[in-house]
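Here is the structure we will look at, set down as structure tokens.
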Amino acid sequence: MLAVVGVLALPTAAQASTITVDPPIPLVGNPYAAAIDPTSSTALVVIPDANLLVSYDLTTATATSVPVGSVPVAVAISPDGSVAFVSNGSSNTVTRLALPALTSLGDVAVASPNGIAFTPDGATAYVVSVTTNSVAVIDVATGALGSPIPVGDQPVGVALTPDGALGYVTNSAADTVTVFEVATGLVIGTTVVGATPWSIQVSPNGSEVYVTNVHSDSVSVISVATGTVVATIAVGVGPNGLAFSPDGSLALVTSSAGDSAWPIDVASRTTGAPIGVGEYPLFVTFAPNGATAYTSDTEGSQLSVLRFDPPLGRPAPGLAATGLELGLAPASGVIGLLTGLTLVTVERRRRIRHT
């Protein structure tokens, strides 16, 4: 059964965007991270408890799985959709796979690998090495390792600016973000953020960096131009995953302890009412066309599907800003999302787990 959970009026949207929660995608095992192929309708999902990578065709609803290393914790797809990298946290390897066939291109030895980011041209991948406090630099075509980039204590996530000039790394035990130059591999700055920074993404226009702070229940917003925190946005308990809509108007943040996804209006840096998803959502990703977003519900053994109508894809030029008006009536459990004269309300039960 579909449930309309809200109406958004976003800064770059020509009209309000209705959010619908579609039926979830069931998976065998506990999904962790997911990535959507930018060139097809395929989602790749890592299943750490089964040491598998699942390829799920979103059009035909069919799945294929291949074994990877021990405890896969991250997956990323090259910009041209030809290669996928999987970080295997316990086997200390990065699996390289050719797409769409999922044939092995060989493993690369990286100690405790985690977050992955490709350069815009797809030639180089940057993979966080948690236990060595560094970022591995991997030639995508050959698997050869370059000189590692030293970062902070227990790095987890990595992201590059859209122009491929700068890289950002979350240091979970240092409560900082390291900034490095992609061309030289030199560290050029460190920014203090909240407690236990985890996921990190650069806005599509390259102007800001968003960081989830797991133990501060917040998102830090870093200016790319100045390297300073320009805003701190309060979100749900235990924020983990983070994704921007392709048009850059919206960010979604998963609250793992709240079983929800929090929408953030990027222009105003305000949050909307949380959207209920499956149990313990860790990561979130948008489809390239902005029509859907998917949360990896680790303890729910599923992907939750959020549909946006119209899609939050790349905007047409010259659209006027409309602002974002979102509200929640927590006492009654009724969400009221007001856009101009349009009000959509949906009653649902909310369960917040305290950890």
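Restrict the check to region 92-111 and report whether at least one residue is touching a Leu at 6+ places or on another chain (Cβ under 7 Å), surrounded by 21 or more Cβ atoms within 10 Å (Cβ to Cβ) and closer than 16 Å to Tyr32 by Cα.
No, region 92-111 contains no residue that is touching a Leu at 6+ places or on another chain (Cβ under 7 Å), surrounded by 21 or more Cβ atoms within 10 Å (Cβ to Cβ) and closer than 16 Å to Tyr32 by Cα.
Please go through region 62-89 and pick out each residue that is aliphatic (A, V, I, L, M), part of a loop (DSSP other than H, G, I, E, B), surrounded by fewer than 20 Cβ atoms within 10 Å (Cβ to Cβ) and in contact (Cβ under 8 Å) with a residue 24 or more places away in the chain.
So the first thing to find is which residues in region 62-89 are aliphatic (A, V, I, L, M), and the list is 63, 66, 68, 71, 73-77, 83-84, 86.
Then drop every residue that is not part of a loop (DSSP other than H, G, I, E, B), which leaves 68, 71.
Retained after the next criterion (residues that are surrounded by fewer than 20 Cβ atoms within 10 Å (Cβ to Cβ)): 71.
Answer for region 62-89, where residues must be aliphatic (A, V, I, L, M), part of a loop (DSSP other than H, G, I, E, B), surrounded by fewer than 20 Cβ atoms within 10 Å (Cβ to Cβ) and in contact (Cβ under 8 Å) with a residue 24 or more places away in the chain: there is none.
Any idea which residue in region 33-50 is surrounded by the fewest Cβ atoms within 10 Å (Cβ to Cβ), counting only those that are over 24 Å from Ala291 (Cβ atoms) and touching a residue at least 24 places away in the same chain (Cβ under 8 Å)?
Filtering region 33-50 for residues that are over 24 Å from Ala291 (Cβ atoms) and touching a residue at least 24 places away in the same chain (Cβ under 8 Å), the one surrounded by the fewest Cβ atoms within 10 Å (Cβ to Cβ) comes out as Pro48.
Give me the residue from region 230-252 that is among the hydroxyl-bearing types (Ser, Thr, Tyr) and at pLDDT 95 or above and, out of that set, farthest from Thr271 (Cα to Cα). Working first, answer last.
At the first step, the residues of region 230-252 found to be among the hydroxyl-bearing types (Ser, Thr, Tyr) are 232, 245, 249.
Pick out the ones that are also at pLDDT 95 or above and you get 232, 245.
Details: Thr232: 11, Ser245: 15 Å.
This residue is Ser245.
Quick check on Glu299: is it over 21 Å from Pro38 (Cβ atoms), surrounded by fewer than 22 Cβ atoms within 10 Å (Cβ to Cβ) and either without any contact (Cβ under 8 Å) to a residue 40 or more places away in the chain or aliphatic (A, V, I, L, M) (or both)?
no
Among the listed residues Ser203, Ser207, Ser245, Ser260, identify the single one that is of a type in the set (Ser, Thr, Tyr), touching a Pro at 6+ places or on another chain (Cβ under 7 Å) and either buried (at least 21 other Cβ atoms within 10 Å of the Cβ) or within 19 Å of Leu312 (Cβ to Cβ) (or both).
The conditions single out Ser260.
Which members of region 95-121 meet the condition of being touching a residue at least 40 places away in the same chain (Cβ under 8 Å) and among the aliphatic types (A, V, I, L, M)?
If the condition is that a residue be touching a residue at least 40 places away in the same chain (Cβ under 8 Å) and among the aliphatic types (A, V, I, L, M), then Leu97, Leu99, Leu102, Ile116, Ala117 are the ones that fit.
The values are calculated or read from the model by the stated rules, or taken from the named source; none is laboratory data. Predicted, not measured: the structure shown is a model, and the values here were computed from it. As a convention, Cβ positions derive from the backbone with ideal geometry for all residues, glycine included, and neighbour counts pool all protein chains shown.
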